[in-house]
Amino acid sequence: MTPEQWWGAALFMLVSSITPGPNNTMLMASGVHFGYRRTLAHLMGVQLGFGFMLIAVGLGLHAVLVQFPTFYNLVRFAGAAYMVWMAWSLASARPHVSAPAALDDGLHSVQTPQTSQARPAPGAQDEAKPLGFWGAVLFQWVNPKAWVMAVTIMSAYVPPGAGLLQIAPLGLMYVALGFPCSSVWVGFGSALRSYLQDPFRMRVFNCSMAAALLLSLYPMLNG
């Protein structure tokens, strides 16, 4: 790969990582509901999962997708169906009021009569869990944007016949560039936690994130 190809791939990764998409939308929603620390496993799963996917596409999966475009379209539309289900789950989730500091940092705050009344029933919060590391890794394989990004990078910036020594650094470069970009979305969600303690505001936020997930499908499935 030439220096121009490396710079082009880096710029494409940077722009793709910071712009809205299924991963960033889900990370922001997780930041709102669970805080940054509890979303960290989800965040790492996105970065390492896509990095591995990028290497796999470069080492031969890309050729399979080119030879069998029907399979590629099947994966994209199956992923889209899964994301529609996720959007519905998010929009229909019952909003709850919680204590952001206690959830994010594991602190035991002093309960006042007001905070006690605002807490959900025992066990209600335990039912809600952030997406874990392996769940985020597996999600990349049904994420239409991830497929589009991986195929685009390998088609536009990697010369035919490139081996592991050329492709693996691309996966590592994505992790290095993608982690801070996606962290911004998690951090923004965490910053909104106090504001969204009102159940109505949380409902509006959940529906907005669900709509964003659905809107992110259009340019990817229309291409």
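A few remarks follow.
- Residues considered: 154, 209, 202, 173. Of these, the only one that is farther than 23 Å from residue 43 by Cα and either in contact with a helix residue (DSSP H, G or I) (Cβ under 7 Å, 6 or more places away or on another chain) or not in a helix (DSSP H, G or I) (or both) is 154.
- Restricting the first member to region 174-203 and to residues that are touching a residue at least 24 places away in the same chain (Cβ under 8 Å) and under 17 Å from residue 24 (Cα atoms), and the second to residues that are among the aromatic types (Phe, Trp, Tyr) and not in a loop (DSSP other than H, G, I, E, B), the beta-carbon pairs closer than 6 Å and six or more apart or on different chains are 186/36; 190/36.
- Being part of a loop (DSSP other than H, G, I, E, B) and modelled with pLDDT under 95 is a condition met by no residue of region 47-62.
- The single condition from (1) surrounded by 12 or more Cβ atoms within 10 Å (Cβ to Cβ); (2) under 18 Å from the mean Cα position of the chain (by Cα) that residue 55 fails is (2).
- Answer from 176, 136 - the residue that is modelled with pLDDT of 90 or more, under 23 Å from residue 12 (Cα atoms) and touching a His at 6+ places or on another chain (Cβ under 8 Å): 136
- Number of the condition not met by residue 70 [criteria: (1) part of a helix (DSSP H, G or I); (2) modelled with pLDDT under 95; (3) more than 19 Å from residue 152 (Cα to Cα); (4) among the polar types (S, T, N, Q)]: (3)
- Hey, residue 214 aliphatic (A, V, I, L, M) and under 12 Å from residue 29 (Cα atoms) or not: no
- Scan region 79-102 for residues that are surrounded by 13 or more Cβ atoms within 10 Å (Cβ to Cβ) and modelled with pLDDT of 70 or more and the total you get is 11.
- Region 6-46: number of residues that are outside any helix (DSSP H, G or I) and surrounded by fewer than 23 Cβ atoms within 10 Å (Cβ to Cβ): 2
- Of all residues in region 177-185, none are aromatic (Phe, Trp, Tyr), under 18 Å from the mean Cα position of the chain (by Cα) and over 29 Å from residue 78 (Cα atoms).
- Qualifying residue in region 103-126 (condition: modelled with pLDDT of 85 or more, among the aliphatic types (A, V, I, L, M) and over 28 Å from residue 161 (Cβ atoms)): no
The values are calculated or read from the model by the stated rules, or taken from the named source; none is laboratory data. Values in this document were obtained by computation on a predicted structure and should not be read as measured data. Note that we place each Cβ from the backbone using ideal geometry, even for glycine, and neighbour counts take in every protein chain shown.
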